[in-house]
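Data block below; observations after.
The values are calculated or read from the model by the stated rules, or taken from the named source; none is laboratory data. Just so we're clear, the structure is a prediction, and the values are computed from it rather than from any experiment. No Cβ is skipped: glycine too gets one built from the backbone with ideal geometry, and neighbour counts run over all protein chains shown. With ligands, DNA and RNA removed, areas are computed over all heavy atoms of the protein, side chains included. Shrake-Rupley method; radii C 1.70, N 1.55, O 1.52, S 1.80 Å.
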Amino acid sequence: MKTCPACHRTVPESATVCPHAGCGKPLAQAPAGGAKKRPPPPPGKVQLAAGHATHTRAASSPTSDATSRRGPLATVALLLLLCLLVGGVYYAAVMSKSQKASEVAVQPARPSATADANKPPSSNLENKPAEAKSAGDQKHADQPEKASGTNPPAPPKLAEMTPVNKDEQAPTEVAAVTSQPLGIYSERTRPDREKWIAGVGGTPVSEQAVAGGLDWLARHQSEDGHWGPDCLGANGSRCEKAHPCQGTPGGPYEAALTGLPILAFQAGGNYYDNGKQYSENVRRGLDWLVERQGPNGEIVGSANQLAKRPGEATHYDQHYMYEHAIATFALAEACALAVALQRHPDEKYQAAAIKAVEFIESQQHNDGGWRYTPEKAYPSDASVSGWAMLALKTAKEADLPVEDTTLTRMTDFFERLADPLTGRTHYQGASYITHATTGVGMMVDEFVKHQADSDFVHLGASFLADQAETEWGTANKRQGDFYLWYNCTLAMFMAGGNDWDRWNNVIRDYVISLEVHGDGCDRGSWQPNDHWGATGGRIYTTALGVLTLEVYYRFAREKAAGAEEKGK
């Protein structure tokens, strides 16, 4: 049976015309093999207004409906992906431009040989020039390249999309490019010290002695940053109460006793701004020197009575120029190290150092040297003048203003004390008193005149080498003298040659043998029982002991520094 499409009544399957009265409409024949439903025709194109959108969705087919839902999602996804790609290109351009600007800004005139080795690992994003970066270049090293060229590249990782803070990145770039000082300070932070130190006279044992001395100095620095006799002893602020340091703590010369440890830390490569083990100790010590500075620029200890304002009378202890010159030496060297790293020194240290240099100049005597008194008519001596010389030569290295006439008068003074036949330098007039001043006279040629190979230096070196073997190279050793060892070891190292080897083989091992070991608070220090120990105390002997054993990298020899200059 089938249904008439006109009257909708049942008719026989074989009927060709509707048999019902009032109808008589022709009927379609069923096809052979059984009836099959014909699929509905596709919907025609209909133009609808925006308000008829609901009717459009109702009239569309299931396939069309799914397609219409995927279309907006695909568009949104593509837009997001495009934003990520554009962000990656922009980030790469900013990184490349920032890196180029940083490199230009901090590029040293003489880059160190180890600068590249100390740079931080490069970013995953290539630092190509911004104009060469295209979307296709933003591939990561850790993602394989797609086989199909139709797929877009992977978006940058989240870490790489972090905005660049140029102010925060600049110090990192400076530390990477100029991680090692230049010129005369180049050896202090030279890597692999344990591998090359033997070539200039050092040993692993001498380095262990230095480490112990620096540790002792760090443990005995006061809370406010200074070193002084108040730090030591049973009632001292820094000694271990169970086993305090014994012996004389020295006089109230806090400026000198603070300057010497700072010099010892800096000689080992610990600077106030390079993040080394003792950088904080250096910074605190320098801050104390700045705060202690008097109205006339002087930096002296509590044995002195400072004026309240510039121009007023000040009562100086007899050792005031020793103190001030040593403190100035430490401040000026902090500035010189920054200049060697091609950075601007801390402004407060630079300002204090300038005032301190001016005070040294104001105290220069009529004969061109310095002495225990501000009375300029009094004759000077080579010992006090030696510390002033080291402070002024360092000020020059720091680009601080120093009057040419000051240096000329100073060198003339030392020339008058020099004995050209023996290489020795008198203490005062025709008096020798100590061999330490022979080392001072040699350093004038080496550091001020830049004549480390002069006949005068060679004569002095030969004399001192003989003295070392005679006075400390036998079983019957003369009393220790850290002041002499400090001055002469530095002068002898700069001279070099066979005489240096003779001196070093004796003095190095003897100084090492005198260091205190054990579990007491004094471990790592040197006893204050040498020639000047009662005045300087344990801080004085320990700082000079450390400085003596740091000579192998404290200053580069002039020949080596010159060769480095030419090579770069």
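Quick look at the numbers
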item: Peptide ranges 498-505, 381-388 listed from the most packed, as the mean C-beta count within 10 angstrom indicates; result: 381-388, 498-505
item: Nearest-0.05 FRET efficiency for His450 and Thr422, computed from C-beta distance (R0 30 Å); result: 0.85
item: Surface share of carbon and sulfur [accessible, 1.4 angstrom probe, percent] for region 173-274; result: 54
item: Residue pairs, from the table Lys195/Lys276; Lys276/Lys355; Lys355/Lys396; Lys355/Lys393, whose Cα atoms sit over 22 Å apart; result: Lys276/Lys355
item: Full-extension gain in nm, Glu312 to His344, via 0.36 nm per residue minus C-alpha separation; result: 8.2 nm
item: Using θ = phi - 60° and Karplus 6.51 cos²θ - 1.76 cosθ + 1.60, couplings along region 534-551 (whole Hz; Gly, Pro as x); result: 5, 7, x, x, 5, 5, 4, 5, 5, 4, 5, x, 5, 4, 4, 8, 8, 4
item: Protection proxy ranking, peptides 476-483, 430-437, 248-255, average beta carbon neighbours within 10 Å, highest first; result: 248-255, 430-437, 476-483
item: Heavy-atom accessible surface of region 305-355: percent carbon and sulfur, 1.4 Å; result: 49
item: Within region 356-435, GluC sites (Glu not before Pro) in DSSP loop having at most 10 other beta-carbon neighbours inside 10 Å; result: Glu375
item: Accessible surface of region 397-539, 1.4 Å probe, proportion on carbon and sulfur as whole %; result: 49
item: Neighbourhood net charge (9 Å Cβ-Cβ; Lys/Arg +1, Asp/Glu -1) for Ala336; result: -2
item: Listed residues Arg371, Arg292 arranged by accessible area, highest first, probe 1.4 Å; result: Arg292, Arg371
item: Solvent-accessible heavy-atom area per residue, rounded to whole Å², over region 177-333 at 1.4 Å; result: 38
item: Model label zone, Asn366; criterion: amide N under 20 Å from point 7 Å along Cα-to-beta-carbon; scope region 418-434; result: 428-430
item: Extension reserve of the Glu469-Gln208 stretch, reckoned as 0.36 nm per residue once the Cα distance is removed; result: 91.5 nm
item: Accessible area (Å², per residue) of region 430-539, counting only protein heavy atoms and a probe of 1.4 Å; result: 38
